[in-house]
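Visitor: Handing you this structure, nothing more for now.
Since every read-out is calculated from the coordinates, none of them should be taken as a lab result. All values reported here derive from a predicted model rather than from experimental measurement. Neighbour counts are summed over all protein chains in view; Cβ atoms, including those assigned to glycine, are modelled from backbone coordinates with ideal geometry.
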Amino acid sequence: YFINYAGRLIVDVGFKEYNKIIIEVPERSVEIFVFEGPTIEKVIEKYTDLTGKPYLLPYWALGYMISRYSYFPQDSVIELVDLMQKEGFRITGVFLDIHFMDSYKLFTWHRERFPDPKKMIEELKKRNVKLITIVDHGIRVDQNYNVFISGIGNYCELDNGSMFVGKLWPGYTVYPDFFREKTREWWANLISEWLSQGVDGIWLDMNEPTDFTKIMEINNVLKDLPIKVKDDRLYYTFPDNVVHDGKFYHWQVRNAYPYYEAMATFEGFRKAGRSEVFILSRAGYAGIQRYASIWTGDNTPSWDDLRLQLKLVLGLSISGVPYVGIDIGGFQGRGFYEIENSPELLMRYYQLALFFPFYRSHKATDGIDSEPLNLPSFYKEKVKEAINIRYKFLPYLYYLVKESNLYGHPIVRPLFYEFQDDESCYYIDDEYMVGKFLLYAPIVYPNQEKRRVYLPNAKWFDYWSNEILEGKSWVYSSYDLPIYIKEGSIILLEDNELLVFGNGEIRYDDIVIKSEEKRISFSNKFYVKRLYWIERDDIKKVIVNKEKDKSFERKNNLFIIHIGEEVKDIHLI
C-alpha cells in the first residue's frame, strides 16, 4: 500500500502492539492506495503507473564518477582526472561541491579558485569526462546578488506573510517555494542558463529541506555548557509556521519539497534543449524517480555502515526508485568516532557498489581520500578490477535502465523480488540480484577471504570458475567479486560481446534476441564480436548465418566463440 501524505507521520512497527504496524497521520483524511500483485514486480509496476515511470538515465551516468567536499582550484580538477586516467582508472564524471561558488551563492563561480570554468569544462570534455555541479536550495540574501533579486516573490513565507529568512552555507538565506508553479518556472530558467556553460549534470543537496537556524540557536545557548545534543536531526528543519503556496504549512508537505525542486530542475534541462538529463538528489518523495537519481546521503566509513548501505539501496529500489547509489568509501571524515580508514574497507565499498546504478566515490573535507590513487598497490589493483568489471557489464545495466524507464522495475533487487516463493531469500540481506539474470554476493566483513553464498532455485553459472551450480543451495566463493549468472540469461557486455546461458529471450531496443536449443537468433542484424556460450555439452561446430564456421575455444562449461560481424542467426551443433 502507499500512503500519499508528504507531511509528518509516525510509523510504529511492533512497538505498541507486537505483529502490528500502526501508522498515525495528523489529518482527518488521507489517500491510501492498495496494490494487488500477485507478484512483487506487478506491485512495483502498478505503483509506478500511479507515481510515474523513471526518466531515461543517460548511458554515461552509469560510469564511475569521483567527488569530494571539495575539489579546487580549477587546475587540480584536471590534474586529478589526468592522474586517474594515467593510472588506468576509467572515469566518467567529476562532481564539484559548494566550494566552487562565490560566497556559496548559487549559480556563481569563485573567480580565484575557478578563473576560467569554460576552459575547465572544455578540458574535461576532451578527456570524455562529464561535469556535475552541486546546486543547493538556499539563496543568499544579498541586494547585490542578481539571483536573489530576481527571485523576490518566489521564496517561502511565514504564516504572517513575511519572507522566511533562515541560515545555511551562505549565511542569511531564503528558500524557493517550489510548490508554486511560477517559482518552478523561475528556477527552471536559472538551471537552463547554468547548463548553457556546458555543465552536464545537477546535484541537488540539502533538500530535505535543511535549515541551520534552529541548531545554531541551540548550539549558541549550549556553547559554554558541558552539554551536547545527542540527536540533533530534528533541529535542521524549517519552522512549522512556514507556509507553502499560501495554502499548506511546512509540516504538512515537507517531504514533497525535494520532489518539486527536482521537477523544476528537470524542466531546466528541457529548456536548455538537453536530450540527456542527469539529476542527483539527496531527498525525495513518491514520484521522485520521474526526475532524479537518489543516493543514501552522508554515510560513514565503517563495516556496520557498509552492510547498512546495501539494505538502504535495496529498500529504495523496491520503493520505486531504481537509480540509486551510495558515497563509496563513506562520506564522514576524521571527526566521526565510528570511522575506520583501512584500505580493505575502501576496497570493499567499491566492490559492494559494483552494480549499483549510481557509482560515485565521495568524502568530507577532513576525510581520507576515497579515490583509489593512494591505496597500496594490492588494493589499488583490486579496485581497478572492480571498476573494469563494472564497465564490462555497463551495456547490461543500461538494458535494465531502459526496462526501468518502460515498466518501473528496479535495477538492483533483493533476492526475494525474483524468488518470492523461496522463504530463504527473505533472510538474506548481503546479496543482491542485478535484473533477472545476475546474482552478486559482495564481501561485507573484514579479513574475509571467502564467503557463503545462497543460490535460489535455478541453475547458476559461476562467472569466475566456469562451474554450473544447482540452486536452492549454499556454496562457498573465494573470489573478490562473486558473480553468478542465472540459466535463461542473455546478457549484453561491453565491446559488442554477448553472454548466453540456456534458453531465453530479451528485447534490446528494436531487436529481439532469442536463445533456443543451441540457436541464437536476432530479429535484425546484430553485431557480435564475441559470444560467450554456457553449455554442458560438447560443441563440434559453430555456424553463423548458415554460411561458415567460426573459431571457438572451450573453458570448462564456457565456450568463447569469435564472430566479429553482423549476424541474424548463430547455430551451435
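Visitor: With the Cα gyration tensor of the stretch 348-443 in hand, give its eigenvalues times 5 under a square root as the equivalent ellipsoid semi-axes, listed largest first in whole angstrom.
Guide: Numbers: eigenvalues 155, 53, 32 Å².
So the three semi-axes of the stretch 348-443 are 28, 16, 13 Å.
Visitor: Whole percent per 5 Å bin, from 0 to the bin with the longest distance: what is P(r) over all C-alpha pairs of the stretch 52-166?
Guide: Using 5 Å bins, I get a P(r) of 2, 10, 17, 17, 15, 12, 11, 8, 4, 2, 1, 0 for the stretch 52-166.
Visitor: Add +1 for every Lys or Arg and -1 for every Asp or Glu among the other residues with Cβ under 9 Å from the Cβ of residue 461, and state the total. Before the final figure, lay out each step's value.
Guide: Numbers: positive: 459, 486; negative: 462, 467, 487.
It works out to a net charge of -1.
Visitor: Are any of the pairs 402/529; 384/459; 486/540 more than 27 Å apart by Cα-Cα distance, and if so, which?
Guide: Numbers: 402/529 23 Å; 384/459 30 Å; 486/540 25 Å.
Going by Cα-Cα distance, 384/459 fall outside the 27 Å limit.
Visitor: Could you line up 186, 464, 533 from fewest to most neighbouring Cβ atoms inside 10 Å?
Guide: Exposure proxy ranking, most exposed first: 464, 186, 533.
Visitor: Okay, moving on. So what is the diffusion coefficient of the chain in µm² per second by Stokes-Einstein at 25 °C and 0.890 mPa s, using a Kirkwood Rh over Cα pairs? Don't jump to the answer; show the numbers that get you there.
Guide: On the way: Rh = 25.7 Å.
D, rounded to a whole number, is 96 µm²/s.
Visitor: Specify the angular offset, from 0 to 90 degrees and rounded to the nearest 10, of the alpha carbon long axis of helix 257-271 from the longest principal axis of the alpha carbons in the chain.
Guide: Helix 257-271 and the main axis of the chain meet at about 70 degrees.
Visitor: Angle, helix 117-126 long axis vs. longest principal axis of the chain, Cα atoms, 0 to 90°, nearest 10?
Guide: Once rounded, one gets 10 degrees.
Visitor: Between residue 111 and residue 276, how high is the FRET efficiency from 1/(1 + (r/R0)^6) when r is the Cβ-Cβ distance and R₀ = 30 Å? Nearest 0.05. Don't skip to the answer; put the middle values down first.
Guide: Working: r = 29 Å, r/R0 = 0.96.
E(calc), rounded to 0.05, equals 0.55.
Visitor: Now, a different point. Work through the residues other than residue 558 whose Cβ is under 12 Å from its Cβ and net out their charges, Lys, Arg +1 and Asp, Glu -1.
Guide: For residues surrounding residue 558, the net value is 0.
Visitor: So what is the diffusion coefficient of the stretch 258-318 in µm² per second by Stokes-Einstein at 10 °C and 1.306 mPa s, using a Kirkwood Rh over Cα pairs?
Guide: Numbers: Rh = 13.0 Å.
Translational D for this selection: 123 µm²/s.
Visitor: Related question: Under 14 Å from the Cβ of residue 205, count the other residues' Cβ atoms, weight Lys and Arg +1, Asp and Glu -1, and hand me the total.
Guide: Every neighbour counted, the sum reads -4.
Visitor: Which whole-number percent gives the relative contact order of the stretch 422-486, counting Cα pairs below 8 Å spaced six or more residues apart? Write out the running numbers ahead of the final one.
Guide: Values: 112 pairs, mean separation 22.9, N = 65.
Answer for the stretch 422-486 is 35 percent.
Visitor: Over the chain, calculate the relative contact order: mean separation of alpha carbon pairs under 8 Å at least 6 apart, over the residue count, as a percent. Numbers along the way, then the final one.
Guide: Working: 1187 pairs, mean separation 61.4, N = 573.
For the chain, the relative contact order is 11 percent.
Visitor: Also, quick follow-up: Amide H neighbours of residue 299 under 5 Å, counting only residues 5+ apart in sequence or on other chains, H built in-plane at 1.01 Å?
Guide: When sequence neighbours closer than 5 places are left aside, the close amide H contacts are 327, 331, 332.
Visitor: Something else now. Equivalent-ellipsoid semi-axes (√(5λ), Cα gyration tensor) for the stretch 1-95, whole Å, largest first? List each step's numbers first, then the result.
Guide: Values: eigenvalues 403, 78, 39 Å².
Computed over the stretch 1-95, the values are 45, 20, 14 Å.
Visitor: Might you report the magnitude of the Cβ-based charge dipole of the stretch 489-572 about its Cα centre, with Lys and Arg at +1 and Asp and Glu at -1, to the nearest 20 debye?
Guide: 280 debye
Visitor: Also: Of the listed pairs 86/119; 20/214; 126/514, which have alpha-carbon separations greater than 29 Å here? Could the numbers behind the result be given before it?
Guide: On the way: 86/119 21 Å; 20/214 35 Å; 126/514 39 Å.
Too far apart for the 29 Å limit: 20/214; 126/514.
Visitor: Here's something else I'd like to know. Label points 7 Å out from Cα along the Cβ direction at residue 72 and residue 377: separation in nm?
Guide: Between residue 72 and residue 377, the label points sit 3.8 nm apart.
Visitor: Say R0 is 56 Å: what FRET efficiency, to the nearest 0.05, do residue 479 and residue 216 get from their beta-carbon distance? Walk me through the numbers before you get to the answer.
Guide: Numbers: r = 50 Å, r/R0 = 0.89.
E between residue 479 and residue 216, to the nearest 0.05, is 0.65.
Visitor: Specify which residue in the list 465, 364, 375 is farthest towards the positive end of the charge dipole of the chain, using unit charges on the beta carbon of Lys, Arg (+1) and Asp, Glu (-1), about the Cα centre.
Guide: Final value for the positive-end residue is 465.
Visitor: For the chain, find the longest principal axis of its Cα atoms and tell me its angle to the long axis of helix 181-195, 0 to 90°, nearest 10.
Guide: 60 degrees
Visitor: Next question. Rounded to the nearest 20 debye, what is the charge dipole size of the chain about its Cα centre when +1 sits on each Lys and Arg Cβ and -1 on each Asp and Glu Cβ?
Guide: Numbers: 72 positive and 83 negative charges, 200 e Å.
Charge dipole of the chain: 960 debye, to the nearest 20.
Visitor: Let me ask another. Could you give the length gained on full extension between residue 503 and residue 90, defined as 0.36 nm per residue of separation minus the Cα-Cα distance, in nm?
Guide: Values: separation 413, 0.36 × 413 = 148.68 nm, distance 3.38 nm.
Going from the current span to full extension adds 145.3 nm.
Visitor: Give the span of the stretch 312-390's Cα atoms along each principal axis, as three whole-Å numbers ordered largest to smallest.
Guide: Computed over the stretch 312-390, the largest-to-smallest principal extents equal 38, 31, 16 Å.
Visitor: Where q = 0.14, 0.20, 0.21, 0.23 Å⁻¹, what log10 of I(q)/I(0) comes from the Debye formula for the stretch 394-504, counting one point per Cα?
Guide: -0.57, -1.16, -1.26, -1.43
Visitor: Okay, moving on. Tell me, in nm to one decimal, what length is gained between residue 147 and residue 29 on full extension, where the rule is 0.36 nm per residue of separation less the Cα-Cα distance?
Guide: Numbers: separation 118, 0.36 × 118 = 42.48 nm, distance 3.94 nm.
Length difference between fully extended and current span is 38.5 nm.
Visitor: With a/c under 1.5 counting as rounded, go ahead and sort the stretch 422-486 into rounded, prolate or oblate using the C-alpha gyration tensor (a ≥ b ≥ c being the square roots of the eigenvalues; past the cut-off, prolate if a/b is larger than b/c, else oblate).
Guide: Values: a/c = 1.60, a/b = 1.17, b/c = 1.37.
In terms of gyration-tensor shape, oblate.
Visitor: Could you grab the relative contact order for the stretch 91-205? Cα pairs under 8 Å, six or more apart, rounded to a whole percent.
Guide: Details: 161 pairs, mean separation 33.9, N = 115.
After rounding, I find 30 percent.
Visitor: Which one, 559, 521, 489, is farthest towards the positive end of the dipole of the stretch 489-572 when Lys and Arg carry +1 and Asp and Glu -1 on their Cβ?
Guide: 559
Visitor: What whole-number volume per residue, in cubic angstrom, does the convex hull of the C-alpha atoms of the stretch 493-573 give?
Guide: Details: hull volume 6.9 nm³, N = 81.
Considering the Cα atoms of the stretch 493-573, their hull volume per residue is 85 Å³.
Visitor: Sticking to Cα atoms, compute the Rg of the stretch 245-354 to one decimal and its Dmax as the biggest Cα-Cα distance, whole number, in Å.
Guide: 16.7, 53
Visitor: Here is a further query. Give or take rounding to whole Å, what are the principal axis extents of the alpha carbon atoms in the stretch 175-220, in descending order?
Guide: The Cα atoms of the stretch 175-220 stretch 42, 24, 14 Å along the principal axes, largest first.
Visitor: Calculate the spin-label point distance for residue 59 paired with residue 342, positioning each point 7 Å from the Cα along the beta-carbon direction, and give it in nanometres.
Guide: 4.0 nm
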